[in-house]
Amino acid sequence: MSTSKKSNDFIQNSAFDSAKLAGLASLKRILERDFFCETTIDVFAHNDKKVDLVIHLYCNYGLTESLFHLNNGTWGSFRNAISGDVKTSPFQAALWELESTTNTIFDIKELSIHLRDTSIIIYKLPNQQIQDNLESILDFVSGNFVYFTRGLSQMPYEIFVPIHEETKNSFSHSDGKSKYLQFWGIYFEGDDDLQVYDVTNKTIIEQSDSFLLNYWE
């Protein structure tokens, strides 16, 4: 699959002061270190106090390898690699520090992980930050891997997290489960239409006409 990169726009953004540029450069380095990848960060600045980000991680390995390292605590730095204890990730910490030192909100609208055999595209939900849900999303990708690959027989080339039913306007189930962990959209080679993956029931739903992809506000 293609992993062509966009230009890293924040470097040329003259509206940014040195603190914001340095903070974004630091965030980029942390992502590249912890995910073993190359990173681009696209910037959409509303004003001095609000900036939207679209982040792409380009990884030269497949999903199976990434999940192996995730479960060992060596991909994403979500857990202590020795004890396995959950911790605040360097990704989260870098964003908090960036917002604190610049007095600016940096809102990640989309984060895409481009692997050799698939891409995971995560859209931001209202009031649910991607960086605070990323570990759970990837843990559920690992736990559902056998099911959304049709019993390990077929790898989807794109996984969209999340999608929602067009008739619904609630962003969480009554059981409190994050909307990120309810329905995903998946594309397989040879299929013209989006397939819906029901995360709760570990089932691919063939009919997808009533589901929407993008949550951008």
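Below are the figures for this structure:
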read-out	value
Entries of Lys87/Lys202; Lys87/Lys124; Lys49/Lys124; Lys50/Lys124; Lys109/Lys202; Lys109/Lys179 with Cα pairs more than 24 Å apart	Lys87/Lys202; Lys109/Lys202
HN-Hα J in Hz across segment 35-41 - Karplus 6.51, -1.76, 1.60, θ = phi - 60°, x for Gly and Pro	10, 6, 8, 9, 10, 10, 10
Accessible area of Trp96 in the full protein assembly, 1.4 Å probe (Å², nearest 10)	120
Amide hydrogen neighbours beyond the local backbone of His164, cut-off 5 Å, H modeled	Leu212
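The values are calculated or read from the model by the stated rules, or taken from the named source; none is laboratory data. A quick note: this is a predicted structure, and the numbers were derived from the prediction, not measured. Each accessible area value is taken on the protein alone, full model and side chains, heavy atoms only, with ligands, DNA and RNA left out. Shrake-Rupley method; radii C 1.70, N 1.55, O 1.52, S 1.80 Å.
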